[in-house]
């Protein structure tokens, strides 16, 4: 049950009644009306701007219209109070009985609380990670991987038909470098002395295993051959090996994909999809031959003052038109990106999300322009940029990994602190803000460590329900707790009411996070719910009558058990969206 959706529907019913009475015109537009929490909680539970929005249409002062609205609102069973504030805002207070309905909904055993049909089954493609298959996953990939996976979980939770996709950059110079690097390790595996790895090749020890596997499979078949004779075979072998390793790295974070899409497939096969995409845009009058003005400031090394094949990106909001062909006649990376997104569109995705690293900010406008152009405005692309992660240890920058010498691997981070910690911390900050990941702080058992604070809340609830109640009140069987049978009117303490009200926020937070493509909102909410729980626990320590286990009072304890179970279910639900396991006991 979404509190605000429910009362939005009730408010609409009131406004429809006023329309029938002639107070509002038949063509009154309700689309700009909001039903949301008031800025100041002391003003009530819900606030609406309905009178402010509709006053002009009704040809009456906002406060006069607000009075008519409040008169009808007060006739609703779930409304305890409706008051006019300021120039015409309406603040609504809800009855205790309705809060009990919220608690019953949050208690739901089917895991449906917070779920919605916001997406209505719409297909949506979430492409994330898409790291070059030239080495193991490193910490620079972790944030985008976790963000993309959590966003896909969130969209699935809210009724979208989600496809998780990884774009394999298996075309271009970098995979040829990989092949040459693997060939050296192949020779090494055959017993040759290769010396230092030449500059420009990948020096990582991770390629030793690839070389050994090549030697085992092919023997000395490629030894002494010209590069042209072995390059393609070894390149394909090395790419497959790296992708297997990448899949394994991602599995440590419990991340899997529905689709792996090969960049090379865009040009190989019966149809060159890159060329086809350009021709489609040309047929729409969006391709021309021309020159580009030099960029402002210092000229980049790759700028060329020559006639080029250009896409009219400025027609769709970009700053400049974009080149689709290089001087040697080959296609630019942007041309391949257009073809890739055209393929997504052809597969039925009119909603696409690309999760990219901090160095791709300049990519946003051109790709949004391309998607608009190739779909005639039918498809929409949202690009989410994940800023850099700085690794620290006690506030000091972490030295590079021993195994590679140049970067720290995903596995090194997960092995040290665990998947749950990595995932929660990566999501406990907005994706486009930089993030400090301190190995010491993320393992602290304190309020300042958000993942501990939330996990501790779940463990505390579990401790009360499944260890303390059986000991202190053995005649109360938690397995038999039913919110419809317990007297929830006994939950009258301000802290208990605050917890119920916090639970009521969950469906709205979920929908807002899904609409904005911002899973960090879920992490923030879980921290706030945990804080409310810990605060009530502390109050019970100071005042024994507020303990979740009420001494000798089975009815009060039963009602509080319903509250605790609802909190546990909501914490587990939110953590599930983030891909974090709820812990039952802190160790």
Within 10 Å, count the other beta carbons around each residue, average over each peptide in 320-331, 25-36, 47-58, and list them highest first.
47-58, 320-331, 25-36
Taking 228, 262 and counting other C-beta atoms within 10 Å, the order from fewest to most:
228, 262
For residue 240 and residue 71, extending 7 Å from Cα along the Cα-Cβ vector and measuring point to point gives, in nm, a value of 7.9
Compute the separation of the alpha-carbon centres of the stretch 127-176 and the stretch 519-587 and state it in Å as a whole number.
34
Value of [θ]222 nm, deg cm²/dmol, for the chain, DSSP H segments ≥ 4, -39500 (n - 2.57) each, nearest 500
-15000 deg cm²/dmol
Could you sort the peptides 456-465, 109-118 by per-residue average Cβ neighbour count (10 Å cutoff), highest mean leading?
456-465, 109-118
Just how far, in whole angstrom, is the stretch 34-70 from the stretch 407-461 if you go by their alpha carbon centroids?
42
Hits in the stretch 127-142: amide N under 19 Å from the 7 Å Cα→Cβ extension of residue 443, namely 139
Sorted by Cβ density within 10 Å, fewest first, the residues 154, 201
201, 154
Compare the peptides 126-137, 267-278, 349-360 by average per-residue count of other Cβ atoms within 10 angstrom and give them in order, highest first.
126-137, 349-360, 267-278
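Indicate, rounded to the nearest 5 percent, the antiparallel portion of the DSSP beta bridges found entirely in the chain. Before the final figure, lay out each step's value.
Working: 21 of 44 bridges.
Antiparallel bridges make up about 50 percent of those DSSP assigns within the chain.
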Shape call for the stretch 173-251, from the Cα gyration tensor axes a ≥ b ≥ c (a/c under 1.5 means rounded, otherwise prolate when a/b beats b/c, else oblate), comes out rounded
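Here, each number is a calculation from the coordinates, and none is a lab measurement. Treat the numbers as computed from the prediction; the structure is a model and nothing was measured. Glycine also receives a Cβ, built like all others from the backbone with ideal geometry; neighbour counts cover every protein chain displayed.
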